[in-house]
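Structure, as structure tokens:
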Amino acid sequence: MTDAFADRPATRLATRLAFLVAGFGVACWAPLVPFAKARLGVDDAQLGLLLLCVGVGSLLAMPITGAVGARMGSRPMILLGGVGLSVLLPALAFADSPLLLGLSLLLFGASLGTIDVAMNAHAVEVEAAAGTPLMSGFHALFSIGGFAGAGAITLLLSLGLAPGWSAVCAAVLMLAAMVGADRGLLRTRGALGESVFAFPRGVVLLIAGLAAVAFLVEGAMLDWGALLITREGLVTAAQGGLGFMLFSIAMTAGRLSGDAIVGRLGGRRVLIAGGVVTVAGFVVLLTAPIGLVAMAGFLLIGLGASNVVPVLFSATGRQRVMSPSLAIAAITTTAYAGVLAGPALVGFVSQAIGLAGAFWVLAALMCLAPLFAATAAQEQP
């Protein structure tokens, strides 16, 4: 059921605010992690288990959000997730025991999973009503929110504000954004006869697999990119973070321009070009003789991968195998599972064939995007 006002400017703004809050909220937590570790006196292994709670909470919440959203619409779930992130961020900064922090992280992850599924379902409906590509721009706001969140908390901490009160300031901004978004969010509801839980099937399973690969590439850039170029002697340890920084900048720039590109070329061609450019980036990175060339590889991978996931989410709204809300939940859950399992999988493969070999495997997996672009894009011939 499509809202008659789905193409209002206020609705587009509300959708952008939801993506901004999600990126802002999760990025605000990153600078607070060292303070939480010191406050609780936990070792690295214990901290790793606590951080895993975020992923567990997200994975548990995503299919539930798809089920509830299919009945009630995306708006209440976006608000629940956004307000949850806002309220729980200070709880992460004030938690004074591992148990309390673990519970807060679990709920924080559940809030992130909730808003992630709901905002993408909402974006699909808004894009369909507009009749023009919008998804890349929405996803760009998540990246911008990430930069803003990490930067805001870092600035407040640098000015001497305590971690807890820095988190409170960020939470107030997030709550204000959610209040602003509320008036523009769609009031649509699903059909009462719709099933609630569903596993991905048909083309949805293909889209979910391609999305998982794209997220796996992004996670590998974050967790293993610096180690790859420093281990190969391409850059010094102090310069190891430059690769991911360039990757992130390229991905954000690609998404900001992505809607115009998709509108001109179509989703199928963008998937083909994105996959080819990403694979080319891996080739440059893995054969680079010097660090400067390796940096070009990171740029190419970021540009190539930038619009793969937005195109796949748009395609999810066009498929008719499953309810879009349930399909998006299935795809998001599958992709997020790939993000969580990705670093470990890269590590296992690296142990067997080396880190460079593991990155060649990622390049091979990205070849699936152009190979299955025509089916996944779900566009009329």
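The values are calculated or read from the model by the stated rules, or taken from the named source; none is laboratory data. Given the structure is predicted, the values throughout are model-derived calculations rather than measurements. Using ideal geometry, Cβ is built from the backbone for each residue, glycine included, and neighbour counts are taken over all protein chains shown.
Per-residue answers, yes or no, for (1) over 16 Å from the mean Cα position of the chain (by Cα); (2) not β-branched (Val, Ile, Thr):
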site: Ala214; (1), (2): no, yes
site: Val217; (1), (2): no, no
site: Ala250; (1), (2): no, yes
site: Ile261; (1), (2): yes, no
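Ala352 fails exactly one of the following numbered conditions: (1) in contact with a helix residue (DSSP H, G or I) (Cβ under 6 Å, 6 or more places away or on another chain); (2) surrounded by fewer than 23 Cβ atoms within 10 Å (Cβ to Cβ); (3) small (Gly, Ala, Ser). What is the number of that condition?
(1)
Report, by residue number, each residue of segment 124-147 that is at negative phi and either among the β-branched types (Val, Ile, Thr) or surrounded by fewer than 18 Cβ atoms within 10 Å (Cβ to Cβ) (or both).
Those that are at negative phi and either among the β-branched types (Val, Ile, Thr) or surrounded by fewer than 18 Cβ atoms within 10 Å (Cβ to Cβ) (or both): Val124, Val126, Ala128, Ala130, Thr132, Ile144, Phe147.
Just for helices (runs of 4 or more DSSP H) wholly inside segment 1-89: which have at least 3 residues that are in contact with a Phe, Trp or Tyr (Cβ under 8 Å, 6 or more places away or on another chain)?
Where helices (runs of 4 or more DSSP H) fall fully within segment 1-89 and carry at least 3 residues being in contact with a Phe, Trp or Tyr (Cβ under 8 Å, 6 or more places away or on another chain), they are 9-29, 44-72.
Can Leu100 be described as in a loop (DSSP other than H, G, I, E, B), without any contact (Cβ under 8 Å) to a residue 40 or more places away in the chain and farther than 25 Å from Ser314 by Cβ?
no
Determine, yes or no, whether Ser166 is more than 30 Å from Leu265 (Cβ to Cβ), in a helix (DSSP H, G or I) and hydroxyl-bearing (Ser, Thr, Tyr).
Spelling it out, Ser166 is indeed more than 30 Å from Leu265 (Cβ to Cβ), in a helix (DSSP H, G or I) and hydroxyl-bearing (Ser, Thr, Tyr).
State whether the residues of segment 251-269 include one that is closer than 19 Å to Val339 by Cα, out of contact with any Leu (no Cβ under 7 Å at 6 or more places or on another chain) and assigned by TED's automatic domain parsing to the domain that holds Glu218.
Yes, there is a match, as at least one residue in segment 251-269 is closer than 19 Å to Val339 by Cα, out of contact with any Leu (no Cβ under 7 Å at 6 or more places or on another chain) and assigned by TED's automatic domain parsing to the domain that holds Glu218.
Given the options Ala369, Ala330, Ala335, name the one that is in contact with a Pro (Cβ under 6 Å, 6 or more places away or on another chain), within 26 Å of Glu127 (Cα to Cα) and outside the structural domain of Met135 (by TED's automatic domain parsing).
On the way: Ala369 fails: in contact with a Pro (Cβ under 6 Å, 6 or more places away or on another chain); Ala335 fails: in contact with a Pro (Cβ under 6 Å, 6 or more places away or on another chain).
Exactly one of Ala369, Ala330, Ala335 is in contact with a Pro (Cβ under 6 Å, 6 or more places away or on another chain), within 26 Å of Glu127 (Cα to Cα) and outside the structural domain of Met135 (by TED's automatic domain parsing), namely Ala330.
I'd like the residue in segment 13-60 that is among the basic types (Lys, Arg) and more than 29 Å from Asp259 (Cα to Cα) and, out of all such residues, is modelled with the highest pLDDT.
This residue is Arg39.
Inside segment 61-83, can you point out the residues that are of a type outside the set (Gly, Ala, Ser) and at pLDDT below 90?
Met62, Pro63, Ile64, Thr65, Val68, Arg71, Met72
Anything in segment 309-330 that is more than 12 Å from the chain's Cα centre (by Cα) and among the aliphatic types (A, V, I, L, M)? List them, or say none.
Result: Val311, Leu312, Ala315, Val321, Met322, Leu326, Ala327, Ile328, Ala329, Ala330.
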